[in-house]
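Before any comments, here is the structure.
Laboratory data are not the source of any read-out in this text; all were calculated from the coordinates shown. A quick note: this is a predicted structure, and the numbers were derived from the prediction, not measured. Positions of Cβ are generated from backbone atoms using ideal geometry, with glycine treated the same way; all protein chains shown enter the neighbour counts.
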Amino acid sequence: MIQEKTFRKDLFYRLSTLPLSIPPLCERKGDIPLLIHAIQRTLGSSFTLTDEAMEVFLNHPYPGNVRELYNYLEYLSCLGEGSIITYSALPVLLKKSWEQHRSDSSSYVTMDSAPQTTAFFRAAGIHAEEFLFLLGQLAEASKVMRGMGRGSLKASAQEAGVVLSDNEIRTALHCLSQLGLVKIGRGRRATRISASGLSLYRQLCPSSQPPA
């Protein structure tokens, strides 16, 4: 607008006191399941996505950002309460995007990583953000070849303003261990992130550094 001289340059810099740079939704895959749950609550819908349908949502480029995601979920909410949403029930644009995504070898999620991504979000549910936080902490610890105990993870969570009880951390680590994303041992620095866990974390948070 400034270049087109439809907006005053001096006014732009006066208003631009605290610019915020928010990555597009396609770079924040970890937010997608959380947004799906939040939008479902807003719409008052209770449908369930199959694993294949969730993979489509996770790998869509979202040129329309969150508004596009909202529109897809609003469409699916009209299919009926308690519906099981399979791939065939998805909107045409989503399916076309998925077919293009699969044909593009440079961006296609491998057969090994796609089910693991879906399994992660199935296990984490509405706590995906907390699970990703724990993976991020363990990813950071792996840089110096060490693990972290539950006490250290809880302290880091408190410092970051993430509310996690001892039992919640224990349950989350157990789930992550069952998925092969972490390895739990004994001692204060017993839990370490696995190679699969590190790969998944980097895939879901490509533009984020593990929290300090």
**Message:** Could you tell me the relative contact order of the chain? Use alpha-carbon pairs under 8 Å, at least six residues apart, and round to a whole percent.
**Reply:** 21 percent
**Prompt:** Around residue 206, what is the net charge, scoring Lys/Arg as +1 and Asp/Glu as -1 over all other residues with Cβ under 12 Å from its Cβ?
**Reply:** +2
**Prompt:** Just one of (i) 123; (ii) 179; (iii) 194 is volume of the Cα convex hull per residue in Å³ as worked out from the coordinates here. Which one is it?
**Reply:** (ii)
**Request:** Filter the GluC sites (Glu not before Pro) in the range 1-97 to those in DSSP coil with at most 16 other Cβ atoms within 10 Å of their Cβ, and list the result.
**Result:** 4, 81
**Asked** What helices does the chain hold that run 27 Å or longer along their axis, going by alpha-carbon atoms, with a Kyte-Doolittle average of -0.5 or more, using DSSP H for the helix calls?
**Response** none
**Complete:** Everything considered on the Cα gyration tensor (a ≥ b ≥ c; rounded for a/c under 1.5, else prolate if a/b is larger than b/c, else oblate), the range 31-89 must be described as oblate
**Asked** About its Cα centre, what dipole magnitude does the range 24-74 give when the only charges are +1 on Lys and Arg Cβ and -1 on Asp and Glu Cβ, stated in debye to the nearest 20?
**Response** 200 debye
**Asked** Between the range 153-194 and the range 6-29, how many Å separate their Cα centres?
**Response** 36 Å
**Request:** Mind putting a number on the dipole of the range 1-160 about its Cα centre? Charges go on the C-beta only, +1 for Lys and Arg and -1 for Asp and Glu, and I need it in Debye to the nearest 20.
**Result:** 500 debye
**Prompt:** Given 154/183; 143/183; 9/29, which pairs have Cα atoms separated by over 25 Å?
**Reply:** 9/29
**Item:** R0 of 22 Å, Cβ-Cβ distance residue 170-residue 196: FRET efficiency to nearest 0.05
**Value:** 0.60
**Request:** Please name which of 60, 90, 194 has its Cα lying farthest along the dipole of the chain towards the positive end, using unit charges on Cβ (Lys, Arg +1; Asp, Glu -1) and the Cα centre as origin.
**Result:** 194
